[in-house]
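In what follows, a structure is listed as C-alpha cells, so that the remarks can point back to it.
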C-alpha cells in the first residue's frame, strides 16, 4: 500500500502538470487564434442567425436564411425599398402591361455582368425563369400566373400571363427569381446547384457550407458597392448560443429569426440603453388562429364572433411577446395596400358574454374549446397558456380553453383533414402583396354554400367560403390602385364578419449590431441589407 | 478444435449477422417514418402550396408510389451501395453523411480520449487508500458527472466559458472569419497537415478553440463511467487470489497493481469503451445542438423534423453499420485478450 501511495504521487503530479500545460497551451492558442481572426476580419463582419442553409440554389431555396443570403448575392428585377416602394433593380422601369393585361414586357438594364463575367441579358433571364418553372420548389409562384417566358430583344423580356395579374413587379422582386448565369448553370439546368451561386449581386459567394458562408464584394458590380469588406454568415443552432455570441462580442450582427422572445426583449433593452444598435424590418409575418367552421361547436357564426371578442390581444402581446409583436386585427400586414387595421373586433368581454349566452352558455354550462398549438414554437405555447388564463379570469363561467401541443409538421399534415377546432398558425407571403395573404387563407376551388370543399381555405383548416368570394379574390389580382385597395378591404370586412380566422399578432424581423457597426436596415421584403452594414473602424 | 479456429468461426458468424441486423434496422426505420405523422411535402412547401404543386413535387420525389414499391426501391438502392437523395436539396445522402460524420467522429474521438484519460486517472487515484478522501472524491466525481444532464451541463459550461468569460467560442466548428480546411472533413487532422505544410497554425488553433468546449463537456461527462468502472474492477482485482499470490511472492505493490491487477481490471473497461464509442458514432445530440456542432446527430434531428425520409434512412443505416462493426471489433478484441471467454 505504501508503494502504491508512492506510485500515485508522481502520477498525480504528472497529471496535474499535463493539465496545466494543456490549459496554458490552449489559452495561448485562443489568444493567437483571436489575433488571426481579427486580422482576417478587417472590415469584414460576422452576421449570425439560427438559419442553417441547405441550398443556395434559388430554385430550391425556401427558408428564411437562404432567402436572406440570396438577397445579398443576387439581384432580382425589382426590389422593395425600406419605404415599401417598388424599385427597378435589374429592370430599367416598371413592367409594361398590354391592354388586355395578358402580356408583360420588362426592359432590362444593360452593362450588367454575372460574377463569372457572363453578360446579363434577356436570354439569361429567360433561362433563369424557365429553369425555375421546371425545377423550382416554389414554381407555382410563377407557374400559376405565367403561361410562357420569352425574349423579344436582347434586353427585353416578355411574359405571357394566364390571366391578368397586377402585382407582376412585386412577384418579380422574389429572390427565387434572381437571374443566374447561363454559363455557370449550363450543367444544372434541370437540377439544383446547392453549394455555388453565380448571379449579379453586390457580393460573390466565395465559401459555402450549411453552417457558414463567406460573401466578398463583387468588384464588377453595376450598382453601389457594399459599405463593408465582406460578410461572414454563421448559423448557431440555439437561441442561447446566438444571444451569447452577440453579448460576448463574438459576432457583429444578430438576426432575430428563431431567437427566443425574452432574449429578443433583453437585446431590445440593451439597444434602448445604447449598448447595441437595433434595426427593425417591415412586419410581414402574421400570427392567426384558424377556426374549423364546418363542424360543431364553431360552425355557429355567433360563437365564432364571441371568440373573436374574447381575445385580449394587447394583454397577450405584452405577456407573451413582451410587446415585441404588435396586436393584429387584420389579415393583410399594415405596410401593404388594402390593409384594414380594424377589420376584426377588439377585445370586448361584455359583448362576448352576451353572445355566449345567446348560444346557451354561461348559465351553468361552459363551452369547452380545444386549442392546438405547435409545441416546437415556444411563443405558441405561451400564447395558448396565456389566453387560457385570460379566459378563465374574464369569462371563466362561459368558456374554457383545452390546450394541446403538437409538433408543427404533424399538425400541418392534419390541417386539411379538419382535425383542429382551433389552431394557432403563422404565415408570411412569398412576396409582399396582399394577395399572398388573402388567397392562401380564403381561396377556394370548390365550395358548397359557406363551406369550402377544396382549395386553400380547406387546406388552412377553416373550410370557410362565401358565394362570390373567389371571384372577388381573382378580380383583386387584376386590379391596381384605389379600386384594388377598396376591394381588398371589403373582402376582409366580410371575412371578419364570419370569423373563420382570428388575426393575433404581427411579427417584424429585427437585427442587433455592436455599437461600432452601423444600424441594421431592412428592405421592404424583410431582408437585412447586408451591403449597408459598415464598421466604425475600431477593432473587435 | 483450436482456439484460433474457434475465434475465426465466431468472427465469421458475427460478420454474417451484421448485414441482417443492418437490414432489420433499415426496414424498421423505413416503416416507422411512414407510419409517423407528418408529410415531407408539408415540411418542404408548407401546408398552403396549391394542390397541383404538392402533387407534382410528391411525384417528383417518388412519394406517390405504393409503399411496397418505395421499399423495394430503397432496398435495391441499399444493395447497390446508394442511399438516395435528400428531399430537401436533392443532394446525395452519401454526400450529406460525408460532410457530417467526420464532425461527429472528431468530436467523439477527442471526447473519448479525454474521458478515458480523466476517467482512468480518477478511477486509479483512489486505489492507494480505499475509502480515503481521494477515493471518496473519485466516487463523487464518477456519480456526479454520470448524473449531470448533458444539456444543462453544456449550457452552463457555454455560459461560463464562452459568454461570461469570453475565453472560447459559443459554438460552431470553425472561426467564421476563416475558411475551413478542405479534404477529409476531419478539421483537426486537415488543419494540422496545413500547419505542417505552410507553417501557419491559425487553422489548427481555430479548430482546437472550437473543439475545447464540446469535447471537454462530453469528455468530462463520459469520464465518470470510466472512473467508476476502473475503480470497481481494480478493487475487485486487488482482492483476488492471484494478486494475493503475487504479493506473497514478494513482488512490489506497484508491480502487482500495474502488471497483475490493472490489465484484468481494464478488460471490462474495454467493453465499456466499445459501447461508448458505439453511442458516440450516433452522436451526442444534446452536445451537438447546444454547441451548434454540425455533426451527424444534429443533421439527423433536422432531417426528422423535415421528414426527409432518404436522409433519415441513410444516416440510420450508416450509423447502424458502424455501430455493428465497432461492437464486433470490441467483442473480438475482448475475446482475444481474455482467455476465459468461450464462444
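Between B:300, B:262, B:101, the Gaussian network model of chain B with springs among Cα atoms under 10 angstrom shows the greatest mean-square fluctuation at B:262.
For the pair residue A:314 and residue A:494, the difference between a 0.36 nm per residue extended length and the Cα-Cα distance amounts to 62.4 nm.
Shown for B:161, B:124: other C-beta atoms within 10 Å of each C-beta, ranked fewest to most, produce the order B:161, B:124.
Under the shape rule built on the C-alpha gyration tensor, where the axes satisfy a ≥ b ≥ c, segment A:289-330 is prolate, since a/c reaches at least 1.5 and a/b is greater than b/c. Report the residues of segment A:111-128 in range of a label on residue A:92: point 7 Å along Cα→C-beta, backbone N strictly under 18 Å from it. The answer is A:111-113, A:119-126.
For segment A:83-210, the normalised intensity computed at q = 0.10, 0.19, 0.21 Å⁻¹ comes to -0.31, -1.13, -1.36 (log10 of I(q)/I(0), Debye sum over alpha carbons, equal scatterers, no solvent).
Any chance you could run the full-extension gain for residue A:299 through residue A:280? It's 0.36 nm times the residue separation minus the Cα-Cα distance, nm to one decimal. Could you put the intermediate results ahead of the total?
On the way: separation 19, 0.36 × 19 = 6.84 nm, distance 3.93 nm.
Additional length available on full extension: 2.9 nm.
Rounded, prolate or oblate: which fits segment B:267-319, taking a ≥ b ≥ c as square roots of the Cα gyration tensor eigenvalues, rounded meaning a/c under 1.5, else prolate when a/b beats b/c? List each step's numbers first, then the result.
On the way: a/c = 4.14, a/b = 1.75, b/c = 2.37.
Note, shape of segment B:267-319 comes out oblate.
The antiparallel fraction among DSSP beta bridges confined to the protein assembly as shown stands at about 80%. The label-point distance for residue A:426 and residue A:206, in a model that sets each label 7 Å from Cα toward Cβ, rounds to 3.4 nm. Just checking the listed ones, B:159, B:196, B:83: in the Gaussian network model of chain B with Cα springs under 10 Å, the one fluctuating most is B:196. Among B:198, A:257, A:178, a tally of other beta-carbon atoms within 10 Å of each Cβ gives an order, fewest to most, of B:198, A:257, A:178.
Based on the Cβ-Cβ distance from residue B:232 to residue B:109, what FRET efficiency comes out when R0 is 25 Å, to the nearest 0.05?
0.45
Pull out a ≥ b ≥ c, the square roots of the eigenvalues of the alpha-carbon gyration tensor of chain A, then state rounded if a/c is under 1.5, prolate if not and a/b is larger than b/c, and oblate in the remaining case. Judged from the Cα gyration tensor, chain A comes out oblate (a/c at least 1.5, b/c at or above a/b). Label separation (residue B:51 vs residue A:342): 4.0 nm, computed from points 7 Å beyond Cα along the C-beta direction.
Could you give the length gained on full extension between residue B:259 and residue B:59, defined as 0.36 nm per residue of separation minus the Cα-Cα distance, in nm?
Values: separation 200, 0.36 × 200 = 72.00 nm, distance 6.60 nm.
Contour length minus the Cα-Cα distance gives 65.4 nm.
Relative to one another, the C-alpha centroids of segment B:309-326 and segment B:116-167 are positioned 32 Å apart.
Comparing B:133, B:235, B:98 in a Gaussian network model of chain B (Cα springs below 10 Å), the most mobile by mean-square fluctuation is B:133.
With both labels modelled 7 Å from their Cα along Cα-to-Cβ, the residue A:516 to residue B:133 distance reads 4.8 nm. Between the beta carbons of residue B:193 and residue B:270, assuming R0 = 25 Å, the FRET efficiency works out to 0.25 to the nearest 0.05. Taking every alpha-carbon pair within segment A:157-222, the share separated by more than 16 Å comes to 62 percent. Each 5 Å bin from zero up to the one holding the largest Cα-Cα distance in segment B:232-343 carries the following percent of pairs: 2, 11, 14, 14, 13, 10, 9, 9, 7, 5, 4, 2, 1, 0.
Computed over the alpha-carbon atoms, segment A:162-295 gives an Rg to Rh ratio of 1.04, Rh here being the Kirkwood radius from the mean inverse distance. Using every Cα-Cα pair within segment A:287-382, state what percent have a distance larger than 19 Å. Counting pairs separated by more than 19 Å, the tail of P(r) holds 52 percent.
Sorted by mean Cβ packing within 10 Å, highest first, what order do the peptides A:529-535, A:48-54, B:17-23 take?
On the way: A:529-535: 20.9, A:48-54: 23.1, B:17-23: 14.3.
Highest to lowest by the protection proxy: A:48-54, A:529-535, B:17-23.
Relative to the longest principal axis of the Cα atoms of chain B, helix B:67-79 runs at roughly 50 degrees. Residues in segment B:305-342, backbone N under 12 Å from the label point at residue B:21 (7 Å along the Cα-to-beta-carbon vector): list them, ranges by number please. Answer for segment B:305-342: B:320-332.
For peptide B:34-40, how many partner chain Cβ atoms fall within 10 Å of a residue's Cβ, on average? Mind showing how you got there, number by number?
Details: counts 0, 0, 4, 8, 8, 5, 2.
The mean count of partner-chain Cβ atoms within 10 Å per residue comes to 4.
Residue order for A:371, B:322, A:215, fewest other beta carbons within 10 angstrom first, comes to B:322, A:371, A:215. Once the Cα atoms are used to define both axes, helix B:309-337 deviates from the longest principal axis of chain B by about 20 degrees.
Each value in this text was obtained by applying a stated rule to the coordinates, not by laboratory testing. Here the structure is a predicted model, which is why all the values come from computation and not from measurement. Glycine gets a Cβ as well: all are built from the backbone with ideal geometry, and neighbour counts include every protein chain shown.
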